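Student: What follows is a structure written as structure tokens; I'll ask about it next.
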Amino acid sequence: MALRDTEVNSREKTECAFAVGQTVSPTGRVLTEEEVKALHNDKILVSDFKQMKLEKEAQKNWDLFYKRNTTHFFKDRHWTTREFEELKACRQFETQKLVLLEAGCGVGNCIFPLLEEDLNVFFYACDFSPRAVEFVKRNPLYDPERCCAFQCDLTSDDLRGHVSEDSVDVVTLIFVLSAVHPDKMKLALENIRRVLKPGGIVLFRDYGLNDHAMLRFKAGNKLGDHFYVRQDGTRSYFFSKEFLAELFESAGFQSVTNDYVLRETVNKKEGLCVPRVFLQSKFSKTSQSS
């Protein structure tokens, strides 16, 4: 599934810590009276017909997204090792080779910085969009000896067609699951679980409940609770940590960490400073069968 991380898009932005004062929502996000009112009144859902059409055309809409934006929409994610120390800490010794799966790799903004930083990793990388996968393979840093990219619908295509069962040390799931229909999220996680080693971990980061991106949606874009459609037809779900924990546990994982990350995204050029809510979590594969 393709990525949609508006925290790190093509505009010049810097990130600063979110100063928590009042607490209005369970996430710690401060809501204005207008935002509370808008959330309360936003009850009209997109028609069933349009929802079915969006689901049917999900891959096409993401492919069109990458056709319009190519490799220029997202910045490379050099913050990954800072935010996820587990990428280094999970090794038993410094030169241990790790096998990683980037589920929803987009055009490789997470993969290639890590390949440059760490010579002892091998990446499997998959995405919903065939066009995104082609961009990954065309990148000058793409090396078949260190990376294997392929197209995959995590909700229906068995990952074991490309990745051996119980072979992956770490799965990164970053701004990906939010683009999957909530009814199919468990299918994606069960698929991921099959290729993880016993005790293997999933590193998760995605949109949290009441994030600024959620509160920007106008009436007429709501698909369900915490689930919205953008103008380009791509969709986004906004997670509570309770929902996420229950979802992962139902798919055969146990929670290690699961917390909201509060930030402000600052655009100095436009004079904007908006509050962001992300959910950053770590789950490990349990011994139970899925």
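Student: Out of curiosity, is residue 122 closer than 23 Å to residue 66 by Cβ and in contact (Cβ under 8 Å) with a residue 12 or more places away in the chain?
Tutor: Numbers: closer than 23 Å to residue 66 by Cβ: no; in contact (Cβ under 8 Å) with a residue 12 or more places away in the chain: yes.
No.
Student: Here's something else I'd like to know. Restricting to segment 271-290, count the residues that are in a loop (DSSP other than H, G, I, E, B) and either aromatic (Phe, Trp, Tyr) or on the phi > 0 side of the Ramachandran plot (or both).
Tutor: Counting residues in segment 271-290 that are in a loop (DSSP other than H, G, I, E, B) and either aromatic (Phe, Trp, Tyr) or on the phi > 0 side of the Ramachandran plot (or both) gives 1.
Student: Further, regarding this structure: Just one of 141, 101, 115 is under 21 Å from the mean Cα position of the chain (by Cα) and without any contact (Cβ under 8 Å) to a residue 40 or more places away in the chain; which is it?
Tutor: Working: 141 fails: under 21 Å from the mean Cα position of the chain (by Cα); 101 fails: without any contact (Cβ under 8 Å) to a residue 40 or more places away in the chain.
So the residue among 141, 101, 115 that is under 21 Å from the mean Cα position of the chain (by Cα) and without any contact (Cβ under 8 Å) to a residue 40 or more places away in the chain is 115.
Student: Take segment 30-46 and flag every residue that is surrounded by fewer than 15 Cβ atoms within 10 Å (Cβ to Cβ), of a type in the set (A, V, I, L, M) and part of a helix (DSSP H, G or I).
Tutor: Within segment 30-46, the subset surrounded by fewer than 15 Cβ atoms within 10 Å (Cβ to Cβ) is 32-34, 36-37, 39-41, 43-44.
Narrowing further to those that are of a type in the set (A, V, I, L, M): 36, 39, 44.
Of everything in segment 30-46, those that are surrounded by fewer than 15 Cβ atoms within 10 Å (Cβ to Cβ), of a type in the set (A, V, I, L, M) and part of a helix (DSSP H, G or I) turn out to be 36, 39.
Student: Moving on to the next point. State which residue is modelled with the highest pLDDT when the search covers only segment 47-79 and only residues that are surrounded by 14 or more Cβ atoms within 10 Å (Cβ to Cβ) and within 22 Å of residue 116 (Cα to Cα).
Tutor: If we take residues in segment 47-79 being surrounded by 14 or more Cβ atoms within 10 Å (Cβ to Cβ) and within 22 Å of residue 116 (Cα to Cα), then 71 is modelled with the highest pLDDT.
Student: Return yes or no: is residue 24 outside any helix (DSSP H, G or I) and modelled with pLDDT under 75?
Tutor: yes
Student: Please find, within segment 242-261, the residue that is farthest from the chain's Cα centre (by Cα) out of those that are surrounded by fewer than 19 Cβ atoms within 10 Å (Cβ to Cβ) and within 16 Å of residue 277 (Cβ to Cβ). Quick ask: steps written out before the conclusion?
Tutor: Initial filter on segment 242-261 (surrounded by fewer than 19 Cβ atoms within 10 Å (Cβ to Cβ)): 242-243, 245-247, 249-250, 254-259, 261.
Among the residues that remain, those that are also within 16 Å of residue 277 (Cβ to Cβ) are: 242-243, 258-259, 261.
Details: 242: 17, 243: 15, 258: 14, 259: 15, 261: 14 Å.
Only one residue tops the list, namely 242.
Student: On to the next question. Counting only residues that are of a type in the set (A, V, I, L, M, F, W, C) and out of contact with any Ser or Thr (no Cβ under 7 Å at 6 or more places or on another chain), give me the strands (runs of 3 or more DSSP E) lying completely in segment 154-270 with at least 2 of them.
Tutor: Here the list reads 168-174, 196-207, 227-229, 253-267.
Student: Please find, within segment 107-161, the residue that is surrounded by the fewest Cβ atoms within 10 Å (Cβ to Cβ) out of those that are modelled with pLDDT under 95 and of a type in the set (Phe, Trp, Tyr).
Tutor: 122
Student: Give me the pairs, please: first residue somewhere in segment 231-256 and more than 25 Å from residue 212 (Cβ to Cβ), second residue anywhere and among the small types (Gly, Ala, Ser) and outside any helix (DSSP H, G or I), beta-carbon distance under 6 Å, and either six or more positions apart or on two chains.
Tutor: Within 6 Å, the pairs are 252/290; 254/284; 256/284.
Student: Just checking, how many residues over segment 214-236 are within 18 Å of the chain's Cα centre (by Cα) and farther than 23 Å from residue 67 by Cα?
Tutor: Total satisfying the criteria: 3.
Student: Sort out which residues of segment 214-240 are crowded, with 19+ Cβ neighbours inside 10 Å and more than 20 Å from residue 53 (Cα to Cα), and write them in order of number.
Tutor: 214, 215, 238, 239, listed by residue number.
Student: Could you tell me whether segment 174-183 includes any residue that is over 14 Å from the mean Cα position of the chain (by Cα), more than 28 Å from residue 242 (Cα to Cα) and acidic (Asp, Glu)? Let's see the steps before the verdict.
Tutor: Within segment 174-183, the subset over 14 Å from the mean Cα position of the chain (by Cα) is 183.
From what is left, the residues that are more than 28 Å from residue 242 (Cα to Cα) are none.
No: zero hits.
Student: Of all residues in segment 39-67, which are touching a residue at least 60 places away in the same chain (Cβ under 8 Å) and among the acidic types (Asp, Glu)?
Tutor: Within segment 39-67, 42, 55, 57, 63 qualify.
Student: Ok, one more. Please state which one of 170, 163 is touching a Leu at 6+ places or on another chain (Cβ under 6 Å) and farther than 21 Å from residue 65 by Cβ.
Tutor: 170
The values are calculated or read from the model by the stated rules, or taken from the named source; none is laboratory data. What you see is a predicted model; the values in this text were computed from it and never measured. Note: ideal-geometry Cβ built from the backbone for every residue, glycine included; neighbour counts use all protein chains shown.
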